[in-house]
Amino acid sequence: MVPSSVSVATGAWTGPLVVSAAGPPSMETWAAERQPWIADALVEHGALLLRGFGVTSVDAFRAASAALLGQADEYRYQSTPRTLIEKGIYTATEYPADAAIPMHNENAYQRDWPTRLVFCCLQPAATGGETPLARTANVTARVGDDIVRMFAERRVLYVRNYGHGVDLPWETVFQTRSREDVEAYCRDESIEWEWLPGGRLRTRQVAQGVAAHPGTHQELFFNQAHLFHISSLGAEGQALMLEVFDEVDVPRHAYFGDGGRIPESLLARVRAAFDAEAVTFAWEPGDVLLVDNMLVAHGRRPFTGARKVLVSMGDPFSRAPRT
């Protein structure tokens, strides 16, 4: 049942379900009264765009995030640069404004991931800066049974090298300066690690290629091979990277879980599937976007001008086998 205090835009899935406040309720009050409806709507639509609730500051977002997530997760074993605003609240990925961030499911390269994401737009970009979304089930269907089955059976091996001045340093990724803490985390998460000369670190972890949603039980294409694989740099970027590093030393790369190479043509199909399913909306100040991280993938368009989007992650879950 749709709450009487909001108006809802419905129809074919062309983006998140838009819920507009009809009055001045705070986000935390509104969400507290409608938790079952929010949960059902999120499963049905994959994402909710909440407008008109006055979430225009970090303080307001803190309250909104707590209402929609409960306890926010720490962003550990990081993949992208972010700034910690305060506990559980981060900036959206801080890639250069002229770069697009390919669509992905957050932390799908890990064995544990948040099932809910909450974004908040404090300041839209002057131009661009949209957050494209794609329904993961549609991406999975477009990728094709042959590729999905291959990733389900073989999984994905992520290889990362830290400490050579390219990509994130291990101190940022693991949020510690202690080698002992890194080793303890890796041990708990079945990540192989190797300390190399010059304070460098190499890690290897096999994670899922496909995962089942805990509510819908859909088998979804759920990994980040298309982001970690060196082909994500493009032909010129890949060639330049391999001029500087041997393949074993590149900052990040992806293989099948058995160590086999993932064909670039296969990953091109994956990227094309995400792109074909992308939908966008224009951010407005105070917008809050609640996303089921397994049902909907997200990215970022290039932009100009200032842009301030915050994110919190929560409701952790894992269906990945431990080996």
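Table for the structure above
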quantity: Unique residue being part of a loop (DSSP other than H, G, I, E, B) and touching a strand residue (DSSP E or B) at 6+ places or on another chain (Cβ under 7 Å) when the list is ARG261, ARG271; calculated: ARG261
quantity: Test: residue in the range 286-298 that is part of a strand (DSSP E or B), modelled with pLDDT of 95 or more and among the small types (Gly, Ala, Ser); calculated: yes
quantity: Test: residue in the range 111-131 that is outside any strand (DSSP E or B), outside the structural domain of ARG187 (by TED's automatic domain parsing), more than 15 Å from LEU289 (Cα to Cα) and among the polar types (S, T, N, Q); calculated: no
quantity: Hits in the range 242-275 - residues which are touching a helix residue (DSSP H, G or I) at 6+ places or on another chain (Cβ under 7 Å) and either at pLDDT below 95 or of a type in the set (Val, Ile, Thr) (or both); calculated: VAL250, ILE262, VAL270
quantity: Test for ARG269: is it closer than 17 Å to ALA108 by Cα, surrounded by 15 or more Cβ atoms within 10 Å (Cβ to Cβ) and not small (Gly, Ala, Ser); calculated: no
quantity: Residue within the range 177-190 that is buried (at least 19 other Cβ atoms within 10 Å of the Cβ), among the aliphatic types (A, V, I, L, M), touching a Leu at 6+ places or on another chain (Cβ under 9 Å) and not in a strand (DSSP E or B) present; calculated: yes
quantity: Sole residue being in contact with a Leu (Cβ under 6 Å, 6 or more places away or on another chain) and either surrounded by 15 or more Cβ atoms within 10 Å (Cβ to Cβ) or aromatic (Phe, Trp, Tyr) (or both), chosen from HIS229, HIS164; calculated: HIS229
quantity: Top-ranked residue of the range 49-64 - restricted to ones that are touching a helix residue (DSSP H, G or I) at 6+ places or on another chain (Cβ under 8 Å) and surrounded by fewer than 21 Cβ atoms within 10 Å (Cβ to Cβ), ranked as modelled with the lowest pLDDT; calculated: GLY54
quantity: Any hit, the range 178-186, residues being under 18 Å from SER79 (Cβ atoms), at pLDDT below 95 and aliphatic (A, V, I, L, M); calculated: no
quantity: Scope the range 11-39; condition under 20 Å from VAL296 (Cα atoms) and surrounded by 13 or more Cβ atoms within 10 Å (Cβ to Cβ); matching residues; calculated: TRP13, GLY15, PRO16, LEU17, VAL18, VAL19, TRP37, ILE38, ALA39
quantity: Scan of the range 299-323 for residues that are in contact with a Gly (Cβ under 7 Å, 6 or more places away or on another chain), of a type in the set (Ser, Thr, Tyr) and either surrounded by 15 or more Cβ atoms within 10 Å (Cβ to Cβ) or not in a strand (DSSP E or B) (or both), ordered by number; calculated: SER312
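This table checks each residue for (1) assigned to a helix (DSSP H, G or I); (2) at positive phi; (3) not hydrophobic (A, V, I, L, M, F, W, C).
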residue	(1), (2), (3)
GLY165	no, yes, yes
THR172	yes, no, yes
GLU194	no, no, yes
SER231	yes, no, yes
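The values are calculated or read from the model by the stated rules, or taken from the named source; none is laboratory data. As the structure is a prediction and not an experimental result, all values here were calculated from the model. Here the Cβ is made from the backbone with ideal geometry for all residues, glycine too, and neighbour counts use every protein chain on show.
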